[in-house]
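Written out below as structure tokens is the structure these notes cover.
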Amino acid sequence: MDPGLLRLNGLSRDEAEAELRTCCASRRWAAAMAVRRPFEDRAAVWEAAAKTMAGLGWDDIEEALRAHPRIGERIGGDAREASWSRREQAGVDGAGDDLKAALVEGNRAYEERFGHVFLICATGRSAAEMLAELRGRLANDPEAERAVVRDELAKITELRLAKLLGGG
């Protein structure tokens, strides 16, 4: 069997929840995933993750959002999720000062409009791509934006689950 699954399935419930919260900081999501174990295979993990994410209330999504830095902000520290965040946002590293300033301004405008951090699955995206997406999403109504945020959180969570299980 898959060593990553064996490890996750073999953890205590508390240990599993702590590990899963590195993938998604919603306590409700992590708890629901922990009780769904044991997972037969990775497909079962992805299915459970998607169903659990779809069932979260907006308060749960906001809890998860609070663990994510603004695009362009670098989290310090050695924690697993800080390291993952730095790698996910690597597309901002080479951006010029004007582009970085535009991201700061875009983040501010987004937070004023929607009341939470701009969330995007940043893996493989350049700073310019993320800024264009941010600016485009400012035109969304709050309900449409919540749907986009949930989808982006699901993408990030799936990528982090793959890393947690190894091979991702």
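The values are calculated or read from the model by the stated rules, or taken from the named source; none is laboratory data. Source: prediction; values computed, not measured. Note: ideal-geometry Cβ built from the backbone for every residue, glycine included; neighbour counts use all protein chains shown. Note: areas computed on protein heavy atoms with side chains; ligands, DNA, RNA excluded. Shrake-Rupley method; radii C 1.70, N 1.55, O 1.52, S 1.80 Å.
Computed values, structure above
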| item | result |
| --- | --- |
| In sequence order, calculated HN-Hα J values of the stretch 143-158 (Karplus, 6.51, -1.76, 1.60; Hz; x Gly/Pro) | 5, 5, 5, 4, 5, 5, 4, 4, 5, 5, 4, 4, 5, 4, 4, 5 |
| Note, ³J(HN,Hα) from phi for the stretch 28-39, Karplus 6.51, -1.76, 1.60, rounded to Hz, x at Gly and Pro | 5, 4, 4, 5, 5, 5, 4, 7, 7, 5, x, 8 |
| For the chain, calculated [θ]222 nm from helices alone, where every DSSP H run of n ≥ 4 adds -39500 (n - 2.57) | -20000 deg cm²/dmol |
| Relative contact order [Cα under 8 Å, 6+ residues apart], the chain, whole percent | 25 percent |
| Carbon plus sulfur fraction of accessible area for the stretch 1-46, probe 1.4 Å, in percent | 50 percent |
| Peptides ranked, highest mean first, by Cβ atoms within 10 Å: ranges 22-30, 150-158, 46-54 | 22-30, 150-158, 46-54 |
| Peptides 57-65, 94-102 ordered by average Cβ neighbours within 10 Å, highest first | 57-65, 94-102 |
| Radius ratio Rg over Rh of the stretch 121-168, counting only Cα atoms, Kirkwood formula for Rh | 1.07 |
| Accessible surface, per residue, of the chain when the full set of protein chains is kept, probe 1.4 Å, Å² | 50 Å² |
| Mean projection area, nm², convex hull over Cα of the chain | 9.6 nm² |
| Inverse of mean 1/r across different Cα pairs in the stretch 87-157, Kirkwood, Å | 12.4 Å |
| Taking the convex hull of Cα positions in the stretch 1-40, its mean projected area over all directions (nm²) | 2.5 nm² |
